[in-house]
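Asker: Okay, handing you the structure first.
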Amino acid sequence: MKLKTILLTAIAGFTAAVTLAQNPVTQTHFSPDPAPMVYNGRVYVYTGDDIPGYDFYYMTKWRVFSSDDMVNWTDHGSPISLESFSWARDRAWAAQCIERNGKFYWYICAQTIQNNMAIGVAVSDKPTGPFKDALGKPLITTGSWSNIDPTVYIDDDGQAYLYWGNGNCYYVKLNKDMVSYSGEIVQIPQTLETFGGVRRPRNTPPQDNIQSIPNKDTYIEGPWFYKRNNKYYLMFAGMGKGVECLSYSMSDSATGPWKYMGKIMEGQPANSFTNHGGIIDFKGNSYLFYHTGLLPGGGSYGRATCIEQFNYNADGTIPSVSLTKEGVNPVANLNPYNRVEAETGAWYEKCKLAETAKEIYITDIRVGGYIKVRSVDFGNTTPKTFNARIAAGLDGGILEVHLDSIAGNLLSTINVPRTGGWNEWKTFTNNIAASFNGVHDLYFVFKGQNITKGRVLFNFDYWKFN
């Protein structure tokens with residue numbers, strides 16, 4: 001009995017730790033280099049797509065996620081890839097999207113067929129695409145490997161700026177069309193004043209004047225450029241304690257001079273050599289987006305987006321921010337009486353995302369997996385029925401809907417039969433088995449009955465309460 005109690009306590013503790021986790025905010029794909037954008041009451045985050053199992057930053061596409069509550073994220077799939085750019089051949093690295101006059105401009109970097117890095121731009125009428133190459137050629141190409149990690153901002157006077165760079169930081173003034181620029185490419189001086197230190201060029205001997213500078217930091221890559229309360233901010237990946245940290249400089253002008261202000265995130269157990277992020281304000285809160293290698297199978301070449309809330313200091317400076325497993329709190333509630341895509345959620349276990357030309361859905365669902373949806377507002381009365389659109393090529397297993405935890409009150413059970421194929425969809429409707437109302441978390445739990453434990457159960461498209 002004592003052993004059984006200990007085991008149950010251990011299991012309960014593990015379950016609680018899992019159910020409280022919020023970071024990384026995407027689990028069905030790796031999602032490095034998050035670039036958030038606020039548009040029309042939602043946050044859109046544009047990321048890379050690490051392919052695990054390689055000892056390099058191997059990426060071939062970019063992804064989009066969105067949320068209006070900061071905890072439940074909808075995966076919109078991959079609207080652009082290397083194949084979208086005729087001039088690109090490899091290395092779909094960090095990117096950022098911005099809206100102007102109803103158009104969305106997604107600045108990316110990739111290796112060219114001339115075997116260097118360049119910055120391109122794709123355009124769309126919607127924040128989730130489809131996107132297409134706006135130029136058919138790179139926007140920034142200088143024959144250098146430094147042309148990576150673009151960040152873009154449109155100032156209050158309408159002037160847009162594009163910053164980028166590895167090793168050194170550069171900028172240009174974009175024209176109003178957002179796909180061309182005026183003037184020369186400007187390199188920001190890398191000094192102790194601007195970035196906290198000087199980075200010695202590769203394969204060059206130490207110089208006395210560089211050796212004499214007591215470096216606090218140094219600009220490496222990954223700039224994030226924005227304006228807040230008439231102050232300009234340039235966050236970047238600096239160097240601290242043997243791995244990249246997140247640091248920042250400030251200025252009274254969009255083009256500097258810049259003053260190094262310090263480190264935002266350093267020395268965290270992120271399981272990743274790199275860090276790359278963005279900062280936004282949304283619904284009265286300030287958020288830092290960054291990445292870690294903390295997903296199972298992750299690491300420096302398998303990174304995923306995380307988010308922390310923070311408060312600026314009274315003088316506008318940014319405090320030190322630590323990573324957490326819990327992440328951020330919801331800033332809105334989800335309406336369960338609208339159709340909710342299965343790829344909208346806060347945490348996914350033992351399932352993956354599938355994407356076709358027509359739709360996106362959850363697939364590869366296994367026994368013991370679940371989807372957690374946070375802060376669902378059922379109002380003042382108990383719903384009458386629950387609907388779910390599901391497809392199964394074999395006897396599909398069981399979908400259970402629980403309240404507030406994996407083992408919480410059981411609201412509905414769907415015994416999924418064969419529907420005629422893995423893409424032959426059927427909508428199932430069940431009566432609600434419990435009385436409840438108000439705001440709760442939901443858990444869609446995957447179970448099997450008389451089937452091989454490891455087999456795929458069914459595909460899950462969307463759900464809705466009535």
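Asker: Applying the selection to the range 244-261, what residues are closer than 16 Å to G222 by Cβ and of a type in the set (D, E, K, R)?
Answerer: Scanning the range 244-261 gives a single hit, E244.
Asker: Let me ask another. Of all residues in the range 245-278, count the ones that are more than 25 Å from I98 (Cα to Cα), assigned to a loop (DSSP other than H, G, I, E, B) and of a type in the set (A, V, I, L, M).
Answerer: Total meeting the criteria: 1.
Asker: Taking only pairs six or more apart or across chains, which ones have beta-carbon atoms under 6 Å, a first residue in the range 83-105 that is in contact (Cβ under 8 Å) with a residue 24 or more places away in the chain, and a second residue that is surrounded by 15 or more Cβ atoms within 10 Å (Cβ to Cβ) and among the small types (G, A, S)?
Answerer: From the range 83-105, the pairs are F85/G120; A88/A110; R91/A110; A92/A110; Q96/A35; F104/S124.
Yes/no matrix, rows are residues, columns are (1) aliphatic (A, V, I, L, M); (2) under 25 Å from Y370 (Cα atoms):
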residue	(1), (2)
D281	no, no
L288	yes, no
H291	no, yes
G302	no, yes
T305	no, yes
G327	no, yes
P330	no, yes
R339	no, yes
Y348	no, yes
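Asker: When you go through L353, L334 one by one, which is the residue that is crowded, with 20+ Cβ neighbours inside 10 Å and more than 18 Å from the chain's Cα centre (by Cα)?
Answerer: L334
Asker: Among the numbered criteria (1) in a loop (DSSP other than H, G, I, E, B); (2) loosely packed, with under 14 Cβ neighbours inside 10 Å; (3) at pLDDT 95 or above, which one does D281 miss?
Answerer: Every listed condition holds for D281 apart from (1).
Asker: Restricting attention to the range 344-379, which residues are in contact with a Phe, Trp or Tyr (Cβ under 7 Å, 6 or more places away or on another chain) and acidic (D, E)?
Answerer: E349
Asker: Separate question: Has the range 300-317 got at least one residue that is surrounded by 21 or more Cβ atoms within 10 Å (Cβ to Cβ), in contact (Cβ under 8 Å) with a residue 12 or more places away in the chain, in a loop (DSSP other than H, G, I, E, B) and of a type in the set (A, V, I, L, M, F, W, C)?
Answerer: No: zero hits.
Asker: May I pose another question? Within the group D49, D55, which residue is under 19 Å from G297 (Cα atoms) and free of Cβ contacts under 8 Å to residues at least 60 places away in the same chain?
Answerer: D49
Asker: I'd like the residue in the range 149-188 that is of a type in the set (V, I, T) and in contact (Cβ under 8 Å) with a residue 40 or more places away in the chain and, out of all such residues, is nearest to G256 (Cα to Cα).
Answerer: I188
Asker: Turning to a different aspect of this structure: Considering only the range 284-299, how many residues are assigned to a loop (DSSP other than H, G, I, E, B) and surrounded by 15 or more Cβ atoms within 10 Å (Cβ to Cβ)?
Answerer: 4
Asker: Having 2 or more residues that are crowded, with 19+ Cβ neighbours inside 10 Å and in contact with a His (Cβ under 8 Å, 6 or more places away or on another chain) is the bar; report the strands (runs of 3 or more DSSP E) wholly within the range 122-193 that clear it.
Answerer: Counting at least 2 such residues, we get no strands (runs of 3 or more DSSP E) at all.
Asker: Follow-up. Could you give me the residue pairs with C-beta distances under 6 Å whose first residue belongs to the range 427-444 and is within 15 Å of A407 (Cβ to Cβ), whose second residue is in a loop (DSSP other than H, G, I, E, B) wherever it lies, and which are 6+ apart or on separate chains?
Answerer: Pairs found: A434/N409; H440/D404; D441/D404; Y443/I406.
Asker: Before we move on, is Y348 part of a strand (DSSP E or B), farther than 19 Å from T427 by Cα and touching a Ser or Thr at 6+ places or on another chain (Cβ under 8 Å)?
Answerer: yes
Asker: Kindly check whether there is at least one residue in the range 79-94 that is buried (at least 19 other Cβ atoms within 10 Å of the Cβ), touching a strand residue (DSSP E or B) at 6+ places or on another chain (Cβ under 9 Å), modelled with pLDDT of 95 or more and in a loop (DSSP other than H, G, I, E, B).
Answerer: Yes, because at least one residue in the range 79-94 is buried (at least 19 other Cβ atoms within 10 Å of the Cβ), touching a strand residue (DSSP E or B) at 6+ places or on another chain (Cβ under 9 Å), modelled with pLDDT of 95 or more and in a loop (DSSP other than H, G, I, E, B).
Asker: Of the conditions (1) more than 17 Å from S253 (Cα to Cα); (2) in contact (Cβ under 8 Å) with a residue 12 or more places away in the chain; (3) of a type outside the set (A, V, I, L, M), T191 satisfies every one except a single condition; which number is it?
Answerer: Evaluating T191 over (1) more than 17 Å from S253 (Cα to Cα); (2) in contact (Cβ under 8 Å) with a residue 12 or more places away in the chain; (3) of a type outside the set (A, V, I, L, M) leaves (2) as the failure.
Asker: Can you find even one residue in the range 407-430 that is outside any strand (DSSP E or B), buried (at least 16 other Cβ atoms within 10 Å of the Cβ) and hydrophobic (A, V, I, L, M, F, W, C)?
Answerer: No, the range 407-430 contains no residue that is outside any strand (DSSP E or B), buried (at least 16 other Cβ atoms within 10 Å of the Cβ) and hydrophobic (A, V, I, L, M, F, W, C).
Asker: Another question, if that's okay. Name the residues in the range 337-350 that are hydroxyl-bearing (S, T, Y) and within 20 Å of the chain's Cα centre (by Cα), would you?
Answerer: Residues satisfying the conditions are T344, Y348.
Asker: Kindly provide the set of residues from the range 40-67 that are aromatic (F, W, Y) and surrounded by 14 or more Cβ atoms within 10 Å (Cβ to Cβ), ordered by number.
Answerer: Across the range 40-67, the qualifying residues are Y44, Y46, Y57, Y58, W62, F65.
The values are calculated or read from the model by the stated rules, or taken from the named source; none is laboratory data. Because the structure is a prediction, the values reported are computed rather than measured. Positions of Cβ are backbone-derived with ideal geometry, glycine not excepted, and every protein chain shown enters the neighbour counts.
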